[in-house]
Amino acid sequence: MIVLHAPMAGWAMPLDQVPDPVFAERMMGDGFAIDPLDGVIRAPCDARVIAVAATRHSVTLQLGNGAELLIHVGLETVALAGVGFTAKVADGEQVKLGQPLLEVDLDAVALHAKSMVTPITVMNEGFALRVLDLDRRVAAGQAIAEISIVQSTACFPGVGRDPVAGQPVTAAAPDHLVHHDWVLASVEELSDTAQLTMRVPLANGVHARPAARIVAALKPLASDVTITARGAPANARSIVALLGAGIAHDDEIEIAARGPDARAAVTAVATLIEDGTHEAVHAPVSSPAADRGDGLIQGVRAAPGLAVGAIFQWHPTDVAVPEHGNGEAAEIAALAGARRSLLAAADGHQGAGAEIAGAHNALIDDPELIAAAQRSIAQGKSAAFAWRSAIAGHADAIRATGDALLIERIADLKDIERQVIALLTGTDASLPVPPRGAIVVIDELLPSHFAVLTVAGVGGICTAFGGPTAHAAILAATAGIPMVVAAGPAILDLHDGSRVILDADRATLNPSPDAAALDAAAARQSRNQLRVAAEARSAQDDCLMADGTRIEIFANLASVEEAAYAVTLGTEGCGLLRTEFLFLDRAIAPDEDEQCAVYAAIAAELEGRPLIVRTLDIGGDKPVAYLPFAHEDNPALGARGIRFSLARPDLLAAQFRAILRGVPAAQCRIMLPMVVDAGELATARAILDEARAALGITAPVPLGVMIETPAAAMLAGSLARDADFLSIGSNDLTQYALAADRGNPAVASMVDALHPAVLHLIARAAEGARAHGRWFGVCGGIASDPVAAPILIGLGVTELSATPAAIPALKAAVRRLDMAGCKAIAALALTASTTRDVRALLETE
Ligand code: PEP
Ligand code: MG
């Protein structure tokens, strides 16, 4: 008997729950499935790799007892053509239990896969599989099933006869196959042999699903069947052999059979390959399809979560506008008045809403839009008609660029069209309010729709069109409303009131769930709720490790609204206020008073908790149109962060004064971004001291630096001598240490702060902080990851500043740690050679 260990952490489930009949009906053999929570797929026992799929989404292993095990990561993942998958082993390699086989970028793959549920099945006969405990969360490496031989004549690859009867049986081709005439006509038959040559129309070739169907179709037949591609014959009764043959789209293949029902066998296989496998017969789609054939509607995840509720079709209609105006002067004045009112209304927004309103303001003020509208008005059109046509022209120009991200911005244009026209025509821009808990269905959601949805407390949102980075999607994620976009126009025909499951984590809408699906969704919702509720209950308590060591858990903030939200989630302060939010998406820089008011409001929301305000960090990936930057070929290495501020001491001084005036002394700390040495710190401190003197502030104000450059990490000792605290900006530190642009998707998987080189830099910075008794924190993205906490704490970090939503879970994770363990794992991590090794250490913890 061989024990199988979970190849990754996740939710284990029986095969019956896999939303794919090929697996659920055990055509790929008996087994179980895991909905993965981590992206390293490990060997479940010692084994030999039979084949890694060319598209790296599956691996087949041969175990010591002859059993052949398939690990198929996600469903329909073959269509991703390898994107998001990295093979860690090669065909024929011997692997040890726990050895990584594949690495999967779960976020990237989940966006396009039908599901991430990963079936693990025994594909050959003669083995019994006993699963130990399913329907619960499993850790990677946990024992999960046992495989034993049930008969001595275990089937080996290529021997597919009925193992019980032992004898070939004669049968006709399965009834369910509808044979194409051309297939029947093309089969060459010679006494007991038959053959046919064809091209493979299947978009993804003969991957796991077609292979399983071919093997199933041949079961009642007796002939030996081979499929030959590129000169190599593969046994058509063996899934492993078929997968190993790597038969691709448009390959020319020969199907040959020998036996009493050779013709039927060739016909069955050819018909399946022709169209019987229900596969796509054209190029793989990377954009979502609507109905996937299993009753679920596939979209794209815009905001995570799971909701069960009644459909509410929500279709705000376009207001009719008069074409002809009442004279040029009157219409131009009307348009200007409507635009002014909207600009004024935008001032009331906060947080993500304020940023989006800022972007809208820029559109409302766009000189080209205004000029286009004025040209139409000059030709006698009404202001509303002119505004609508100007927007339509602009949208067409954006569409013509073909740039998907830009195209998503058309929703913003439509939104300002709607709002300006409502004002011009005096029509009510307010919208019907959906019932509480409803799943709102709409063609495309506009940001101005959003306020209604949050107030109504809808359960979820599903749009026919739109994209995941549209502003409405950002608002949904901030509000915690599950949202799926681009689910296709078919959703607009769903009946109002029908009960559906919106699974935004898997980007699907189940329009007619059966009782089992509703039960499974309810179980998942209650598991999530239990976990979140337990974390929320203790979120307001101080964070102490199991051995009593105090670790501060702070929040990264970018608005007054976020500050209030973070306090409800248990933040103990703000470890990074990104002040850029005040400077982006607007026409001129905020003056000292405006800044002061916002900093004061944030400090007030934090109710006395510490507030670390970072000075302006623009440049690089955050350009600001109204502040003149010389053209830079490589802005990430250019005049960004503190370099920009020191080049504009007037702006830095104004910001210092605004902070000093707005934030009470007991809460106030200031932090400088992108520092490389103590010289920059000294210059900035001199400007700060002048600002203090001008305001008559005598008490010192803590001034810290971010460790975001390898230079700063190496010189942390000298920086810590002069700075009051150090905080690791792991996002930039990682990009500069690994020479990997944090915004470039091609190197996205490299940009991992747990790379040992980055950890050595953090350790070096910790030494510097320790040598001068300075407080040492982390405010980059890695601080939000509970998995990384043991290493960071073991290296000497005493403060983690995370995104607000991560705080309750982070506190819960830190409470389970003790310092001796953290130090041990940090020391081990510093001996690792790759990120993978470091992550492996954390998984075995
Ligand atoms: C960082 O670089 O880790 C950081 C916190 O700064 P930002 O992400 O704002 O560049
Ligand atoms: Mg940074």
key: Low-density loop cleavage sites - GluC sites (Glu not before Pro) in the stretch 555-657, where at most 12 other Cβ are within 10 Å (DSSP)   = Glu607
key: the stretch 753-768-the stretch 502-550 distance, computed between alpha-carbon centres (Å)   = 33
inquiry  = Restricting to Cα pairs below 8 Å that are 6+ residues apart, what does the relative contact order work out to for the stretch 543-620? Please round to a whole percent.
reply    = 34
ask   = In straight Cα distance, which lysines are under 28 Å from Lys381, not counting same-chain residues fewer than 8 positions off?
value = Lys414
message = At a threshold of 8 angstrom on Cα-Cα distance, excluding pairs fewer than six apart, so keeping six or more, what relative contact order does the stretch 1-151 reach in percent?
response = 35
key: Radius 10 Å from Cβ of Ala639, net charge of other residues (Lys, Arg +1; Asp, Glu -1)   = +2
task = Mind checking the stretch 766-845 for trypsin sites (Lys or Arg not before Pro) that DSSP puts in a loop (not H, G, I, E or B) and that have at most 12 other Cβ atoms within 10 Å?
result = Arg816
inquiry  = Less than 16 Å apart at the alpha-carbon level, and either on another chain or at least 8 residues along: which lysines does that give for Lys88?
reply    = Lys96
remark   = Taking 0.36 nm per residue of separation between Met1 and Asp496 and subtracting their Cα-Cα distance, the length gained on full extension comes to 172.8 nm
inquiry  = If you take every residue apart from Ala658 with its C-beta less than 10 Å away from the C-beta of Ala658, what net charge results, scoring Lys and Arg +1 and Asp and Glu -1?
reply    = -2
key: Qualifying trypsin sites (Lys or Arg not before Pro) in the stretch 639-692, DSSP loop, other Cβ atoms within 10 Å at most 12   = none
key: Environment charge at Ile311 (Cβ cut-off 11 Å; Lys +1, Arg +1, Asp -1, Glu -1)   = -1
note = By the Cα gyration tensor axes a ≥ b ≥ c (a/c under 1.5 gives rounded; else a/b larger than b/c gives prolate, otherwise oblate), the shape of the stretch 470-560 is oblate
task = Could you tell me which of rounded, prolate or oblate describes the stretch 650-694, using a ≥ b ≥ c as the square roots of the eigenvalues of the alpha-carbon gyration tensor, with rounded for a/c under 1.5 and, failing that, prolate when a/b is larger than b/c and oblate otherwise?
result = prolate
key: Theoretical gain in end-to-end length, Asp722 to Thr549 [0.36 nm per residue, Cα-Cα removed]   = 59.6 nm
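All of the numbers you see were taken from the coordinates with simple rules; none came from a lab. All values derive from a computational prediction rather than experimental measurement. With ideal geometry, Cβ positions are generated from the backbone for all residues, glycine too; neighbour counts draw on all protein chains shown.
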